[in-house]
Ligand code: ADP
């Protein structure tokens with residue numbers, strides 16, 4: 001930092017002190033009516049947010065770069081600074097400069113960072129804004145996250161390889177980590193994660209004992225066991241470090257953070273980071289925006305709380321059929337009683353964001369208007385509760401019971417505050433007349449004084465004969481009498497001239513001053529009393545914030561359930577039947593996003609039928625069922641035919657069903673998935689120095705290592721990133737592995753026609769293809785997925801349409817035929833050798849799980865009594881049995 005040669009002024013000295021405490025933040029230093037920025041802060045911020053760069057001490061050889069903005073524009077600039085990736089420390093004047101003896105005291109009141117925003121104006125009302133903290137320990141990793149604007153606080157202990165997926169699920173606005181340079185692979189991976197705002201914290205911030213102490217202090221408890229949390233875990237350290245950061249940045253009460261909720265992975269559908277992105281659940285792949293995502297398309301909520309909860313449900317689908325059905329029952333009841341659903345939504349439409357309002361009350365940051373909004377929202381509850389009573393669905397009954405009318409809080413606010421209270425308490429006018437006797441008295445006095453002044457103006461006009469004489473008021477010299485310059489000589493001698501303007505003269509009189517004094521004193525006292533009354537009211541409400549918060553959660557859930565019902569009716573969805581069997585049986589399913597974005601009727605519905613047992617009611621295997629409904633489906637067809645849409649649709653419908661939503665289909669039977677994997681496209685990784693193929697294979701490796709029998713896997717064009725033969729061979733053996741070893745529901749879209757021969761050797765593998773109609777020289781994609789393999793690939797056809805010369809096309813056809821005939825024999829069977837893996841695997845599995853009978857035979861064999869020839873013969877016999 002450059003310094004001036006002259007000794008800095010006291011204010012600048014203080015600036016330098018404060019800046020030294022906040023080296024990583026842009027310091028906004030309050031000076032009078034402005035926030036000023038100096039030195040490098042001024043230079044970088046002026047570039048990033050468009051402030052004019054000037055300098056202080058212009059005449060000196062080393063002028064200080066400076067930029068600033070008026071105090072009332074703080075919110076706007078904070079938003080711009082945080083968006084541009086800065087932290088901002090706000091340094092306020094801690095005393096009234098007029099009353100200060102010596103230099104005005106200044107201190108930082110808050111450090112604003114992306115994860116610690118609380119102002120409505122800086123937050124998206126429909127999205128949660130989480131601050132996370134990751135603490136890698138030896139074999140596991142602690143993760144904690146909090147939403148400062150609502151006070152919800154979670155903790156978890158995870159295996160290292162799960163951290164990235166969880167961070168992707170939570171999608172925090174900011175993530176705290178210990179030193180970036182640590183060798184922890186988790187931290188290294190987080191540093192590479194795009195779009196993640198990382199804040200490094202000092203090592204002492206992660207001291208386990210101190211972290212636990214901070215948490216116990218915050219919750220005023222002696223242990224964390226009441227929250228069902230084990231105290232000696234990395235998760236608790238992460239939670240403590242997070243709290244430490246909040247204390248440092250918020251500098252005000254964190255009273256709204258009253259509990260810590262343990263999060264256990266495995267109780268929800270696991271969706272890894274790559275899958276989450278490629279399914280575009282909450283944001284699109286292309287630009288990371290909400291618009292165009294599944295969430296945006298299904299979001300019919302009417303409150304910000306509901307919108308945020310729906311986002312959370314979508315990031316955390318359930319795996320417990322009973323819980324899913326509780327939600328589905330509620331949604332169904334709401335779809336069948338449209339009046340009931342509409343009534344609820346009409347009420348909710350008038351609700352304010354009770355979650356964020358409550359948090360502002362609890363942290364002492366609420367305005368009089370906030371409290372009024374809270375009371376208005378409470379006023380909706382009796383009607384809502386009445387509407388919910390006597391319903392059939394268990395979840396609706398539960399929500400009705402949980403709804404706490406809080407009549408005394410509402411009455412407290414309503415009797416104290418006027419109907420439309422102001423945002424600020426500084427000018428008074430927020431407490432109702434008749435609420436407090438002393439306040440009424442001072443107000444009467446002030447009003448009485450004002451009445452006298454009005455009468456005084458009338459009598460003075462008459463007395464002086466100056467018709468345009470009038471009483472005015474300004475902050476500098478209070479009440480005055482004013483007349484035009486032309487009339488000024490008519491004023492009586494006792495008038496004291498105070499100010500001469502171009503066309504007017506202003507005077508005061510002793511009588512006027514006497515009343516002014518009375519009015520101002522009474523007004524000042526009234527405002528002060530109003531502020532005290534408001535603080536008292538706010539504190540009384542703050543004590544009740546846990547009740548208000550619970551209510552907010554109920555409102556959010558009612559909103560989501562009613563929204564899902566509204567969507568189900570308007571978009572013609574059906575209730576999915578939930579089962580634990582690993583199947584997918586969807587009739588006339590539609591892709592939820594395309595279905596809503598395309599003009600009505602243009603989307604071609606498709607059936608999905610996976611894992612349906614071939615045996616029919618009569619116990620006989622139906623040939624058709626075997627042909628269409630294996631566990632592994634290969635979908636072949638030309639590019640642009642609709643393959644990706646189809647396989648994504650299957651995954652999206654599963655996710656929707658598992659959040660408790662109806663699904664876009666005529667009917668659907670959905671087997672719960674424990675995990676969903678999608679390996680679809682890999683365009684956005686290229687910037688990070690990894691080849692498309694490397695990314696593709698890393699993700700594939702993860703699927704092959706982590707998928708279970710209950711998982712759903714969708715693969716799109718595996719092997720495309722390498723040479724054709726490489727690609728086909730890999731795709732081929734990957735499919736075999738999924739079939740033999742994992743045996744999970746798999747949809748594999750490919751334009752490698754060769755793979756269709758896999759069905760010859762894999763029992764559970766079936767071919768589907770996309771119907772295409774050829775008309776003269778045209779190929780029309782019907783987007784209909786039908787059983788069987790595609791008859792040909794249309795590459796040469798497309799080349800012909802593009803005007804490639806005839807000779808080239810003819811030659812290509814000959815080559816194609818040779819290539820195709822190369823790997824099938826005369827009878828059309830593939831020449832790829834039969835796989836050994838499955839048998840080996842069977843033996844291995846039987847070795848480890850259930851003992852293979854051969855083992856017992858080996859045990860019984862009396863090798864020392866056998867001749868070498870007999871032993872060899874026996875060995876041969878056993879090997880034959882394994883084939
Ligand atoms: P592929 O994976 O076979 O290359 P896509 O799934 O990307 O094909 O789909 C290609 C285009 O066809 C998309 O732009 C989509 O809008 C349209 N499409 C896909 N499936 C359908 C359908 N079932 N109904 C209507 N249009 C569809």
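Here is a check on your reading of the model: is residue 351 in contact (Cβ under 8 Å) with a residue 40 or more places away in the chain, outside any loop (DSSP other than H, G, I, E, B) and within 23 Å of the chain's Cα centre (by Cα)? No; evaluated as a whole, the condition is false for this residue. Taken together, 782, 747 contain a single residue that is within 38 Å of the chain's Cα centre (by Cα), surrounded by fewer than 16 Cβ atoms within 10 Å (Cβ to Cβ), within 16 Å of the ligand (Cβ to nearest atom) and touching a residue at least 60 places away in the same chain (Cβ under 8 Å), which is 782. Every test in (1) within 21 Å of residue 714 (Cβ to Cβ); (2) within 8 Å of the ligand (Cβ to nearest atom); (3) at pLDDT 80 or above is passed by residue 639 save one, and that test is (3).
Looking across 582, 599, one residue alone is farther than 18 Å from residue 658 by Cβ and either in contact with a strand residue (DSSP E or B) (Cβ under 6 Å, 6 or more places away or on another chain) or within 16 Å of the ligand (Cβ to nearest atom) (or both). It is 599. Here residue 255 does not fit the description of being modelled with pLDDT under 90 and at positive phi. Filtering 162, 144 for residues that are surrounded by 22 or more Cβ atoms within 10 Å (Cβ to Cβ), within 22 Å of the chain's Cα centre (by Cα) and touching a residue at least 12 places away in the same chain (Cβ under 8 Å) leaves a single hit, 144. When 553, 557, 617 are checked against the criterion of being more than 11 Å from the ligand (Cβ to nearest atom) and modelled with pLDDT under 90, 617 stands alone in meeting it.
What about residue 272, is it touching a residue at least 12 places away in the same chain (Cβ under 8 Å) and buried (at least 21 other Cβ atoms within 10 Å of the Cβ)? Yes, satisfied. As a summary of the residue check, residue 783 satisfies the conditions (1) at pLDDT 75 or above; (2) part of a loop (DSSP other than H, G, I, E, B); (3) in contact with a helix residue (DSSP H, G or I) (Cβ under 8 Å, 6 or more places away or on another chain) except for the one numbered (2). Please find, among 737, 725, the residue that is in a helix (DSSP H, G or I), more than 16 Å from the ligand (Cβ to nearest atom) and either in contact with a helix residue (DSSP H, G or I) (Cβ under 7 Å, 6 or more places away or on another chain) or closer than 19 Å to residue 643 by Cβ (or both). From the options 737, 725, the qualifying one is 737.
No other residue among 187, 229, 167, 177 is assigned to a loop (DSSP other than H, G, I, E, B) and touching a strand residue (DSSP E or B) at 6+ places or on another chain (Cβ under 7 Å) apart from 229. Given the conditions (1) buried (at least 21 other Cβ atoms within 10 Å of the Cβ); (2) within 25 Å of the chain's Cα centre (by Cα); (3) within 29 Å of residue 671 (Cβ to Cβ), which single one is not true for residue 303? The failed condition is (3).
Kindly indicate whether any position in the range 507-519 is under 30 Å from residue 369 (Cβ atoms), assigned to a helix (DSSP H, G or I) and out of contact with any helix residue (DSSP H, G or I) (no Cβ under 6 Å at 6 or more places or on another chain). Looking through the range 507-519, none of the residues is under 30 Å from residue 369 (Cβ atoms), assigned to a helix (DSSP H, G or I) and out of contact with any helix residue (DSSP H, G or I) (no Cβ under 6 Å at 6 or more places or on another chain). Kindly check whether there is at least one residue in the range 651-672 that is touching a strand residue (DSSP E or B) at 6+ places or on another chain (Cβ under 6 Å), at pLDDT below 95 and within 16 Å of the ligand (Cβ to nearest atom). Checked against the condition, which is being touching a strand residue (DSSP E or B) at 6+ places or on another chain (Cβ under 6 Å), at pLDDT below 95 and within 16 Å of the ligand (Cβ to nearest atom), the range 651-672 yields no hits at all. When we screen 838, 764, 757 for residues that are under 27 Å from residue 677 (Cβ atoms), modelled with pLDDT under 75 and surrounded by 15 or more Cβ atoms within 10 Å (Cβ to Cβ), the only hit is 838. Would it be correct to say that residue 755 is in contact (Cβ under 8 Å) with a residue 60 or more places away in the chain, under 27 Å from residue 274 (Cα atoms), within 16 Å of the ligand (Cβ to nearest atom) and not in a helix (DSSP H, G or I)? So residue 755 fails the test. How many residues does the range 253-266 contain that are in contact with a strand residue (DSSP E or B) (Cβ under 8 Å, 6 or more places away or on another chain) and surrounded by fewer than 18 Cβ atoms within 10 Å (Cβ to Cβ)? Selection size over the range 253-266: 5.
The values are calculated or read from the model by the stated rules, or taken from the named source; none is laboratory data. Note that this is a predicted model, so its numbers are computed, not measured. Cβ atoms come from the backbone with ideal geometry, glycine included; neighbour counts cover every protein chain shown.
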